[in-house]
Every structure is written in C-alpha cells, then in structure tokens.
Amino acid sequence: MLSGNMLRVLALLEHGDMDFTSIKKSVRISEKMLESVIARLVEQNFINKEGETYRLTEKGFEVLKKQKA
C-alpha cells in the first residue's frame, strides 16, 4: 500500500524528472522522511534514480493511472 507522501512524489514525477532538492521543496516534508519515501519507491520499482535525478518507471505510471480511475 502506498502512503500519501509516496503518492505525492509519484504525482510530481509524472510531470517530469526531478532531483531530490526539487522534490523536497514541492512536497514539503522533512529530508529524513523524504529519503525514506524515495528509498521505498525505488525498492518497489515505482521510480528509478539516474545520477542525481529521479524518474517514474512504467510501474509508477500504472499505479498513478489506477489511482485516478
């Protein structure tokens, strides 16, 4: 099950790749909490990290699509 913070990060990345600082400014949660959220999203293959940038995976797009349905 995805938390509200996890869904917020996925929704942000739906609009394009972002770095950690940009995500943090947009979701306005603590750095420690965001690190945990991102780690879980990467672990579950909802997002990928490429260099310093995070990108939504196909699985991430699918889960967002289901949330909107």
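The values are calculated or read from the model by the stated rules, or taken from the named source; none is laboratory data. Here the structure is a predicted model, which is why all the values come from computation and not from measurement. Here Cβ is always computed from backbone atoms with ideal geometry, including for glycine, and neighbour counts include all displayed protein chains.
Only helices (runs of 4 or more DSSP H) whose full extent lies in the chain are considered here, and the ones with at least 3 residues that are polar (S, T, N, Q), more than 10 Å from the chain's Cα centre (by Cα) and modelled with pLDDT of 95 or more are 20-27. Residue 30 falls short on exactly one of the conditions (1) exposed (fewer than 12 other Cβ atoms within 10 Å of the Cβ); (2) touching a Gly at 6+ places or on another chain (Cβ under 7 Å), and that condition is (2).
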